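To start, the structure under review is shown below, and the notes come after it.
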């Protein structure tokens, strides 16, 4: 195995934390300004920092990427995501911890790693080309009617 190839192999999972911020029938979507998924729409979130709980990460990332404070944080699900090289070797492994939260205060504005941020009606999420797992997590954040 070449030095270049071995340097690009995953050696441990990375923990990412996402937040479905809810206000009535709306939620916040952000357009990613950095990799992974650069230029794609998603829920606000980011990487857990050393010494930080996943709940602290959720609150921090929500504020950094949207300017919003959140209330009533509750766990939705944990998703495993794997990125592979063409030869099938593991490139990345993410453990994604997703929360639901109510909008607490603040005016929505893109910040941090977000290039854009919008309030979106739940009924309109199909217009944003979201990853299937993100759609599933979003739907799980809203009570069944």
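Got a sec? Which of 16, 83 is buried (at least 16 other Cβ atoms within 10 Å of the Cβ), assigned to a strand (DSSP E or B) and out of contact with any helix residue (DSSP H, G or I) (no Cβ under 7 Å at 6 or more places or on another chain)?
Checking each option against the conditions leaves just 16.
Every residue in region 109-133 that is within 20 Å of residue 58 (Cβ to Cβ) and assigned to a strand (DSSP E or B), please.
114, 117, 118, 119, 120
Hey, any hits in region 79-100 for a residue that's over 12 Å from the mean Cα position of the chain (by Cα), under 19 Å from residue 59 (Cβ atoms) and modelled with pLDDT of 95 or more?
The answer is no, given that none of the residues of region 79-100 is over 12 Å from the mean Cα position of the chain (by Cα), under 19 Å from residue 59 (Cβ atoms) and modelled with pLDDT of 95 or more.
The values are calculated or read from the model by the stated rules, or taken from the named source; none is laboratory data. Remember, predicted model here, so these are calculated numbers, not experimental data. Glycine also receives a Cβ, built like all others from the backbone with ideal geometry; neighbour counts cover every protein chain displayed.
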